[in-house]
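Values in this text are rule-based calculations from the coordinates and carry no lab data. All values reported here derive from a predicted model rather than from experimental measurement. A quick note on method: Cβ atoms are made from the backbone with ideal geometry, for glycine too, and the neighbour counts reach across all protein chains shown.
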Amino acid sequence: MPELPEVETYRRFIDEVAVGQTITGLDVFDKHVLAVPEDELRAALLGRTIAGTGRLGKNCFLELDNGRLLVLHFGMTGDIGAYRDAPDAPRFTRVAWQLADSGLNLAFIDPRKFGRIRLADSVEAYQKAKKLGPDALQITPAELHQKLSRRKVLVKPLLLDQGLTAGLGNWIVDEVLFQASIHPERLGNSLSEQETTALHAAIQQVLTTAIQHEANYRHFPKEFLIHAREWDDSATPGSDAHTFCPRHAAVKIAKSYVGGRATYTCPVCQPAPA
DNA sequence: CGTAATGTTCACCT
DNA sequence: GAGGTGAACATTAC
């Protein structure tokens with residue numbers, strides 16, 4: 001799940017559950033998701049109070065009272081949760097933090113274990129170390145245009161590149177390109193300023209809409225392409241209406257692979273480059 | 001049983 | 001260096 005809107009939703013959850021709380025315990029059920037030695041993590045966290053939260057792209061920050069950061073990246077299947085008693089720990093909880101005041105445990109849940117937990121000295125240091133570009137909600141139209149226009153690369157992989165802008169994932173890139181009527185195989189340097197402007201507006205619109213719906217894709221507006229993705233089949237068995245373009249009732253959404261990733265497009269809305 | 005999967009990274013090739 | 005391709009990671013769910 002975790003693209004920018006999910007991570008923002010997790011951040012808000014952590015903000016409500018954990019800010020102001022002191023960390024009194026760390027449970028590591030599977031150290032595979034730790035990118036720092038467990039001892040170091042324990043020493044850095046125990047007794048510290050969570051002063052606030054932050055987010056950059058798909059990375060979530062818990063700001064400690066000494067200025068350091070606990071950084072959560074959720075990989076492909078990560079999630080966040082809370083529980084009071086050990087038997088109630090969500091399935092696939094890999095790490096949990098005991099919060100003194102509420103008695104709750106904050107859970108890092110990750111079935112596939114591609115997520116990672118690390119420490120950082122500051123957002124800037126982390127951003128530099130991981131070579132992350134500006135957050136997808138912060139990048140300006142001019143910046144986006146400049147970055148795209150310098151590269152002779154397919155626009156879809158470009159938008160997925162966290163160094164160009166941070167936070168866009170596979171589903172959202174497809175949605176954004178559909179909303180902006182741009183084919184994913186257009187080259188970055190082939191986009192007009194007008195197209196980049198439309199792209200920027202689509203990024204803003206899709207992300208803010210997704211966040212409003214707490215990243216629950218099934219609640220997205222019906223003019224969103226996302227409903228054409230295969231996973232919606234299981235949500236609405238027997239119906240195939242959703243496999244058509246929201247703007248062209250007779251046009252089937254096409255599935256292909258761009259940059260090695262499953263890609264959905266409307267052949268009419270998004271004409272392939274010559 | 002086979003297949004695909006929301007992310008990231010690295011090796012290897014042109 | 002730039003860009004493309006494919007695999008690997010670990011595991012579930014369909």
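Things to note:
- In plain terms, the chain from A:SER102 to A:THR208 could stretch by 35.1 nm, reckoned as 0.36 nm per residue minus the Cα-Cα distance.
- Over 23 Å [Cα-Cα, chain A], rounded percent: 56 percent
- Compared with the dominant principal axis of the Cα atoms in chain A, helix A:170-179 is inclined by about 40°.
- Spin-label pair A:ARG261/A:SER192, simplified geometry with 7 Å Cα→Cβ offset, distance in nm: 2.7 nm
- Backbone amide hydrogens, once placed in the peptide plane, bring A:ILE182 within less than 5 Å of nothing, excluding anything fewer than 5 places away on its chain.
- Near A:ARG116, the amide H atoms lying under 5 Å from its own belong to A:HIS73, A:PHE74, A:GLY75; only residues 5 or more places off or on other chains count, and H is placed 1.01 Å from N.
- Inter-label distance for A:VAL251 and A:THR77, nm, one decimal - labels placed 7 Å from Cα along Cα-to-Cβ: 3.6 nm
- Reachable lysines from A:LYS252, criterion Cα separation under 17 angstrom, eight or more residues apart if same chain: A:LYS222
- Between amide H atoms placed 1.01 Å from N, distances below 5 Å from A:PHE244 occur with A:ILE253, all of them 5 or more places distant or on a separate chain.
- Neighbourhood net charge (14 Å Cβ-Cβ; Lys/Arg +1, Asp/Glu -1) for A:TYR126: +4
- Max mean-square fluctuation residue, GNM over chain A, Cα-Cα springs under 10 Å, options A:LEU104, A:LEU168, A:LEU56: A:LEU104
- Computed with the Debye formula from one identical point scatterer per Cα of region A:121-183, without solvent, the log10 of I(q)/I(0) at q = 0.13, 0.20 Å⁻¹ comes to -0.36, -0.80.
- Pair-distance profile P(r), taking every C-alpha pair of region A:110-150, with 10 angstrom steps and integer %: 22, 36, 30, 12
- Its relative contact order, with pairs defined as Cα atoms under 8 Å and 6+ residues apart, puts chain A at 17 percent.
- Residue by residue, region A:42-52 carries 3J(HN,Hα) couplings of 4, 4, 6, 9, 5, x, 7, 9, 7, 8, x Hz when phi is fed to the Karplus relation 6.51 cos²θ - 1.76 cosθ + 1.60 (θ = phi - 60°); x denotes Gly or Pro.
- Scanning chain A for cysteines with no neighbouring cysteine C-beta under 4.7 angstrom from their C-beta gives A:CYS60.
- Descending semi-axes in Å of region A:141-265, equivalent ellipsoid built from Cα gyration tensor: 25, 15, 13
- Other residues whose C-beta falls under 14 angstrom from the C-beta of A:THR209 contribute a net charge of -4, scoring Lys and Arg +1 and Asp and Glu -1.
- Between region A:149-205 and region A:37-116, the C-alpha centres lie 32 angstrom from each other.
- Exposure rule at most 11 other beta-carbon atoms within 10 Å, DSSP loop GluC sites (Glu not before Pro): chain A longest free segment: A:1-222
- Local net charge near A:GLU8, Cβ-Cβ under 15 Å (Lys/Arg +1, Asp/Glu -1): -3
- Whole-Hz couplings from phi, Karplus 6.51/-1.76/1.60, listed for region A:112-118; x for Gly and Pro: 8, 6, 8, x, 9, 10, 9
- What the phi angles of region A:32-41 give under the Karplus curve with 6.51, -1.76 and 1.60, with θ = phi - 60°, is a coupling list of 4, 7, 8, 9, 10, x, 4, 4, 5, 5 Hz, glycine and proline written as x.
- At R0 = 35 Å, FRET efficiency that the Cβ-Cβ distance of A:GLU223 and A:LYS131 yields, to 0.05: 0.50
- Between helix A:4-18 and chain A: long-axis angle, C-alpha atoms, 0 to 90°, nearest 10: 20 degrees
- Listed by chain and number, the lysines whose alpha-carbon sits under 30 Å from that of A:LYS130, ignoring those within fewer than 8 places in the same chain, are A:LYS31, A:LYS58, A:LYS113, A:LYS147, A:LYS152, A:LYS156.
- Treating each Cα of region A:4-129 as one equal point scatterer and applying the Debye formula with no solvent, the log10 of I(q)/I(0) at q = 0.09, 0.19, 0.22 Å⁻¹ comes out as -0.20, -1.04, -1.50.
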